[in-house]
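Asks: Got a structure for you, written out below as structure tokens; questions coming shortly.
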């Protein structure tokens, strides 16, 4: 049974007792989310500096990037449900405090082994913190304010991955205090301390009215299944996809099936499970979540080949590439900022459809311009394309988050948030793996220059194709879908 309703049938009713500190609390958790997403991209810019300073072999360099992603993705579903049970504020404070401490340890690491271990712990604490952010947003704001909050959240977090490239370029190239790459981690420390202190006072605690039972078996199955998928997707291309890597992917699929069966039985027996499957009764949620994952497959692939295109293909410095990337972030901010509050009330599900089409069109022009100009392409030819593409990106992420959270009852906010973030991470990792295969298959014997530029244009075709599928898939969302319809 679909739970979608039209605004005319059930208008959003404001909370009669909204939290007076809700916007301060929102600013604090938003800063924490920004720090996490920043760390997923900023490290890529600093790789040459880390490699030179710590004399790190290439295989360990990849683990400095991968350890964070692997630990982060593995704990999302479990930590989301723990927030529902034990309090989202408690899990958030633990996560941000741990993230701040491990950021400090990353910044003072004396060798690559210490840095990899600290990055793994940093990712785990981030995975504890992030699901609580969307859950806190879901339960703190009354329905009539939620679209505005999600619009801001989408604008800031959607652009933070790109902003990481710019900030990383500034910090590494600026070589603050002669610390080389270390400020990319140390910058988290003062911000994290401030967020921890303010959140202690500003964030209202919340949890499910009837806390779900602990589910250690489900947590083990979910964590293992995600880890068995994320690791091969991250490392498979570098290892040339050996049989044991493919066996891990198959094992992940098998464990995922076991997890679903076990959790459904647990829900029937105890009335609760690690994932609240009742949310899938909404066709809007199911279709939207599917397109959410596929969208991140597309853009995850784009972010990989885009960085290679600018730095290895065009030979730009990290600073120049990062500042150019910031124009994409500007478009994201505009699109995500206006879509939920201004466009969705009038056009509904057609907004993410239009956003995916606009993003695909922008990438199509990007591919043509790259083929046409080659290595002589300039910033002035790239910037308008990136602003328009970023606008489309923002028009997808913010309305989709608004739609998906609106179909979830408050009691399952943490579970749904963990699920959304897990699907996003899996989609992103899958996109990077697929794009890497296509890109390096086209430029197999090259280390940069014109071949990388043409490989970028070629790999964009797969990204464009996925975005067209995403646009078509959003048409499966009922036109009457109304964010905020599940306020129970």
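The values are calculated or read from the model by the stated rules, or taken from the named source; none is laboratory data. These numbers were taken from a predicted model, which means no experiment stands behind them. Heads up, the Cβs are rebuilt from the backbone with ideal geometry, glycines too, and the neighbour counts pull from every protein chain shown.
Asks: Test of understanding: among 295, 280, which residue is in a helix (DSSP H, G or I), exposed (fewer than 15 other Cβ atoms within 10 Å of the Cβ) and in the same structural domain as residue 43 (by TED's automatic domain parsing)?
Replies: 280
Asks: Any idea how many residues of the stretch 39-48 are modelled with pLDDT of 80 or more and either surrounded by fewer than 20 Cβ atoms within 10 Å (Cβ to Cβ) or in contact with a strand residue (DSSP E or B) (Cβ under 9 Å, 6 or more places away or on another chain) (or both)?
Replies: 0
Asks: Against the definition (buried (at least 22 other Cβ atoms within 10 Å of the Cβ), assigned to a helix (DSSP H, G or I) and either touching a helix residue (DSSP H, G or I) at 6+ places or on another chain (Cβ under 7 Å) or assigned by TED's automatic domain parsing to the domain that holds residue 96 (or both)), how does residue 285 come out, yes or no? Show your work before the answer.
Replies: Values: buried (at least 22 other Cβ atoms within 10 Å of the Cβ): yes; assigned to a helix (DSSP H, G or I): yes; either touching a helix residue (DSSP H, G or I) at 6+ places or on another chain (Cβ under 7 Å) or assigned by TED's automatic domain parsing to the domain that holds residue 96 (or both): yes.
So residue 285 fits the description; yes.
Asks: OK, next. With the structure loaded, tell me whether residue 431 is modelled with pLDDT under 95, in the same structural domain as residue 67 (by TED's automatic domain parsing) and on the phi > 0 side of the Ramachandran plot or whether it fails that test.
Replies: Working: modelled with pLDDT under 95: yes; in the same structural domain as residue 67 (by TED's automatic domain parsing): yes; on the phi > 0 side of the Ramachandran plot: no.
Spelling it out, it is not the case that residue 431 is modelled with pLDDT under 95, in the same structural domain as residue 67 (by TED's automatic domain parsing) and on the phi > 0 side of the Ramachandran plot.
Asks: Residue 238 - would you say it is under 25 Å from residue 135 (Cα atoms) and not in a helix (DSSP H, G or I)?
Replies: Criteria not met by residue 238.
Asks: Specify which of the listed residues (313, 301) is farther than 17 Å from residue 159 by Cα, in the same structural domain as residue 354 (by TED's automatic domain parsing) and crowded, with 24+ Cβ neighbours inside 10 Å.
Replies: On the way: 301 fails: farther than 17 Å from residue 159 by Cα.
313 is the lone residue from the list that is farther than 17 Å from residue 159 by Cα, in the same structural domain as residue 354 (by TED's automatic domain parsing) and crowded, with 24+ Cβ neighbours inside 10 Å.
Asks: Follow-up. Output the residues belonging to the stretch 241-277 that are modelled with pLDDT of 85 or more and assigned to a loop (DSSP other than H, G, I, E, B).
Replies: Hits for the stretch 241-277 are 241, 242.
Asks: I need the full set of residues from the stretch 330-352 which are over 26 Å from residue 34 (Cα atoms) and either in contact with a strand residue (DSSP E or B) (Cβ under 7 Å, 6 or more places away or on another chain) or at pLDDT 90 or above (or both), in order please.
Replies: 350 - this is the single residue of the stretch 330-352 that is over 26 Å from residue 34 (Cα atoms) and either in contact with a strand residue (DSSP E or B) (Cβ under 7 Å, 6 or more places away or on another chain) or at pLDDT 90 or above (or both).
Asks: Find the helices (runs of 4 or more DSSP H) located wholly in the stretch 334-420 whose residues include 2 or more that are surrounded by 24 or more Cβ atoms within 10 Å (Cβ to Cβ) and touching a helix residue (DSSP H, G or I) at 6+ places or on another chain (Cβ under 8 Å), and list them.
Replies: The helices (runs of 4 or more DSSP H) meeting that bar are 350-373, 379-406.
Asks: Something else about it: Could you pull out the residue among 440, 456, 452, 428 that is surrounded by fewer than 23 Cβ atoms within 10 Å (Cβ to Cβ) and touching a residue at least 12 places away in the same chain (Cβ under 8 Å)?
Replies: Result of the check over 440, 456, 452, 428: 440.
Asks: Looking at 195, 226, 162, 170, can you tell me which residue is in contact (Cβ under 8 Å) with a residue 60 or more places away in the chain and surrounded by fewer than 19 Cβ atoms within 10 Å (Cβ to Cβ)?
Replies: Within the list 195, 226, 162, 170, the selection yields 170.
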